[in-house]
Amino acid sequence: MAQRMLTTVDNPFSPFTQFDEWLQYDMAAGYDTSGMLARVAMVSDDMSEKDQDLVIDDAIQEIVDENITGLYRIVENSENSV
């Protein structure tokens, strides 16, 4: 299964391989995509790592499904598959 991450359609950087640049662009644009994902994905320390990953993946899908502005998209990285 490919690892999935949330990004914006205009961010030219890969959150997989250029995370620092990706984050800098995201924050400078005022998106705070990571913060939004953290608010939607209700994870807790009581969950296993696998359960946390599933909740985060579900939250990514929810954000993209409810994406009325068309800003968000999913990127996949099969090289980082688990």
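Tabulated data for the structure shown
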quantity	calculated
Boolean, residue 36 is touching a strand residue (DSSP E or B) at 6+ places or on another chain (Cβ under 9 Å) and surrounded by 13 or more Cβ atoms within 10 Å (Cβ to Cβ)	yes
Odd one out for residue 31 among (1) part of a helix (DSSP H, G or I); (2) surrounded by 13 or more Cβ atoms within 10 Å (Cβ to Cβ)	(1)
Residue count for segment 27-52, restricted to those that are in contact (Cβ under 8 Å) with a residue 12 or more places away in the chain and among the acidic types (Asp, Glu)	0
Close pairs (9 angstrom Cβ cut-off, 6 or more residues apart or separate chains): closer than 17 Å to residue 74 by Cβ and touching a residue at least 12 places away in the same chain (Cβ under 8 Å) in segment 12-26, of a type in the set (D, E, K, R) and buried (at least 16 other Cβ atoms within 10 Å of the Cβ) anywhere	13/26; 15/26
Residue list for segment 40-82, filter: assigned to a helix (DSSP H, G or I), at pLDDT below 95 and either closer than 19 Å to residue 11 by Cβ or touching an Asp or Glu at 6+ places or on another chain (Cβ under 8 Å) (or both)	80
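The values are calculated or read from the model by the stated rules, or taken from the named source; none is laboratory data. For clarity, every value in this text was computed on a predicted model and none was experimentally measured. When we count neighbours, we look across all protein chains shown, and the Cβ atoms used for this are built from the backbone with ideal geometry, even at glycine.
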